[in-house]
Structures are given as C-alpha cells and as structure tokens.
Amino acid sequence: MLEVKNLTVKIGDKMVLRGVSLNVKYGTIHAIMGPNGSGKSSLAYTIMGREGYEVVEGDILLDGESILGLETHERTLKGIYLGMQDPPALPGVRLSTLILAAANKRLGEAELTKVKDPSIMRNMRTTASELGLSLELLQRETNVGFSGGEKKRSELLQAVLLKPKVVILDEPDSGLDVDGIKKVAEYVRRFREEGKAVMLITHYARLLKHVAPDEVTVLIGGEVVARGGAELAYAIEEKGYAAAKEWRK
C-alpha cells in the first residue's frame, strides 16, 4: 500500500500541498480530482521525489516503509511508476531502448540495452499494437514529434511492460478521443485486477465513468476538501467543484 501522511510541501517559497493524507491500497483505484493548480501533479511529483519539491512535514510510505530518503530512480526500482501529464522529449533515445533499459534495470541486469529475454520485445510489440501505437513509433526518439495521444499511449505502454506495484497516471485521458479513453480505461481496470495500486489523477469524471474508482479524493488549494466513492466524481461532473463542499473529508 502507498500511504501519504499529513504531507506538506513547498516549491521555493510557495506552499503547494498542505497536510494531505490518503492511502492507495493494492487492487484499488484511487482517483485524485481538482481544478487546475490544486496540487494534483505536485502530489505525484512529490511521491516520485522530483527535485525542487521540499517536504516540510509528513511522510510517504510504501508497504510501511518511508521512501522520503530515496532518490527518484530508487523509488522506481521499489515499484512506483508515474505516467506524467506532459512527458518530456528524449532526443537520441528510442522508445524501445528506453523501455528495454528500464526493464533490464528492474531485473538487475548489468547490460541495460542488451536483449537477454526475447519475450520483452515480443510483449512490447504486442502491447503497442493493442494500445493503437504503430510499431514504427517504437523505433523513434521518445516523445520527439509524438502527438498528445501518442505520448499518453507511450506512457501507458511503459506502465504495462515495467510491471510496477503502484501506478500513478497524471491526466492519462488528455489528448485522447473517445476510443482512446476507453482503451486507457481498459488497462486501468486491468491494473486493478492484477492487484496493483492505482492513483488516477484527472480533472473530469469522463474517464472515471469507465473505471468506477474505489475512492475519490478532491484537492483544492493543495488541501483535501472532500473524499468519497465514485458518486463524488459524478457529482462534481454534474455540479462542478462546488459540489465538493457537500461532502465530508
């Protein structure tokens, strides 16, 4: 289980999270909702240990152990994956090479770009096709010239192949059409069925209508203002974030 306990975070002099607490249990989907600037992405970046996000108070635990002292790559090796809202371009690094190196690192291999297990490449091609990614895209530089939808599918492809314990997806439906959203939802449900802990960050309930989250937490101004089940997300979709005031934390 991923636990966030009374987390207060600042970037420089700006406070971005204030006393945030939540749990993401294995085999569940925990949706994090909130308007722009509410702290959703800051929460994800802090969990991953991104530079510049200073934890003033609180703790983050994975399976009961604090990860605050770990670097980002160490948190990844512990089994946490973040699909970013706007993943950066990596000129000179093929998408297939990136995935292969990350998978080999998780397996403890010394030669990160050597194919020792052919099934990794087979699974990469099969999953890419299922996600609607062309095989040609696997040979292109990561996110260089990718459309918004291709970036999202690429992030999801990595989440599938790297087999993390905790999957954090930041706005995975942005830039996708209706069919793309349904495909993302299919894999998010699959993550839950496989026993992974899923944190799903979104503005809207359109994706949540396809995945039925087990728990919903609403952030506004860096604080938890409401918590409930899937019905909370639907109420926000109908009435806006004013509906959050009707719910207790």
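The values are calculated or read from the model by the stated rules, or taken from the named source; none is laboratory data. This structure is a prediction, so every number in the text was calculated from the model and none was measured. So basically every Cβ, Gly included, is an ideal-geometry build from the backbone, and we count neighbours across all protein chains shown.
Report, ordered by the first and then the second residue, all pairs with beta carbons closer than 7 Å, sequence separation of six or more or different chains, a first member in segment 193-213 that is without any contact (Cβ under 8 Å) to a residue 60 or more places away in the chain, and a second member that is part of a loop (DSSP other than H, G, I, E, B).
The qualifying pairs are R206/D173; L207/D173.
Just checking, how many residues over segment 195-208 are more than 14 Å from the chain's Cα centre (by Cα) and under 11 Å from V166 (Cα atoms)?
Residues flagged as more than 14 Å from the chain's Cα centre (by Cα) and under 11 Å from V166 (Cα atoms) within segment 195-208 amount to 1.
Taking V178, is it surrounded by fewer than 16 Cβ atoms within 10 Å (Cβ to Cβ), hydrophobic (A, V, I, L, M, F, W, C) and free of Cβ contacts under 8 Å to residues at least 60 places away in the same chain?
On the way: surrounded by fewer than 16 Cβ atoms within 10 Å (Cβ to Cβ): yes; hydrophobic (A, V, I, L, M, F, W, C): yes; free of Cβ contacts under 8 Å to residues at least 60 places away in the same chain: yes.
So V178 passes the test.
Would a scan of segment 86-102 turn up a residue that is modelled with pLDDT of 95 or more, under 28 Å from I220 (Cα atoms) and surrounded by 12 or more Cβ atoms within 10 Å (Cβ to Cβ)?
The answer is no, given that none of the residues of segment 86-102 is modelled with pLDDT of 95 or more, under 28 Å from I220 (Cα atoms) and surrounded by 12 or more Cβ atoms within 10 Å (Cβ to Cβ).
What about S134, is it within 17 Å of R94 (Cα to Cα) and hydroxyl-bearing (S, T, Y)? Walk me through how you get there before you give the answer.
On the way: within 17 Å of R94 (Cα to Cα): yes; hydroxyl-bearing (S, T, Y): yes.
Yes.
Which residues, counting only those in segment 122-153, are in contact with a Ser or Thr (Cβ under 7 Å, 6 or more places away or on another chain) and among the small types (G, A, S)?
Of everything in segment 122-153, just one residue is in contact with a Ser or Thr (Cβ under 7 Å, 6 or more places away or on another chain) and among the small types (G, A, S), namely G148.
Need the failing condition index for N6 against (1) in contact with a Gly (Cβ under 8 Å, 6 or more places away or on another chain); (2) free of Cβ contacts under 8 Å to residues at least 24 places away in the same chain; (3) not acidic (D, E), just the number.
Failed condition: (2).
Counting residues that are β-branched (V, I, T), which helices (runs of 4 or more DSSP H) fully inside segment 98-197 reach at least 2? Walk me through it before giving the result.
Details: elements: 118-131, 135-138, 148-161, 178-193.
The qualifying helices (runs of 4 or more DSSP H) are 118-131, 178-193.
Go through segment 193-209 residue by residue and tally those that are closer than 15 Å to G180 by Cβ and either among the small types (G, A, S) or surrounded by fewer than 17 Cβ atoms within 10 Å (Cβ to Cβ) (or both).
Residues of segment 193-209 closer than 15 Å to G180 by Cβ: 202, 204, 206-207, 209.
With either among the small types (G, A, S) or surrounded by fewer than 17 Cβ atoms within 10 Å (Cβ to Cβ) (or both) added as a condition, the list becomes 204, 206, 209.
The total comes to 3.
Does segment 121-129 contain at least one residue that is more than 30 Å from I32 (Cβ to Cβ), among the polar types (S, T, N, Q), loosely packed, with under 15 Cβ neighbours inside 10 Å and modelled with pLDDT under 90?
Going residue by residue through segment 121-129, those that are more than 30 Å from I32 (Cβ to Cβ) are 121-122, 125-126, 129.
Of the ones still in play, those that are also among the polar types (S, T, N, Q) are 126, 129.
This time we only want the ones that are loosely packed, with under 15 Cβ neighbours inside 10 Å, so: 126, 129.
In the following step, the residues that additionally are modelled with pLDDT under 90 were identified as none.
No, there is no match, as no residue in segment 121-129 is more than 30 Å from I32 (Cβ to Cβ), among the polar types (S, T, N, Q), loosely packed, with under 15 Cβ neighbours inside 10 Å and modelled with pLDDT under 90.
Which strands (runs of 3 or more DSSP E) sit wholly inside segment 1-85 and have at least 2 residues that are surrounded by fewer than 21 Cβ atoms within 10 Å (Cβ to Cβ), out of contact with any helix residue (DSSP H, G or I) (no Cβ under 6 Å at 6 or more places or on another chain) and of a type in the set (A, V, I, L, M, F, W, C)?
Details: elements: 2-11, 14-24, 28-33, 54-62, 80-83.
Filter on segment 1-85 gives 14-24, 54-62.
How do the pairs read when you match residues in segment 55-76 that are under 17 Å from I168 (Cα atoms) with residues anywhere that are assigned to a loop (DSSP other than H, G, I, E, B) and of a type in the set (D, E, K, R), using Cβ under 7 Å and keeping only pairs 6 or more apart or on different chains?
L62/K78; I67/K78; T72/R50
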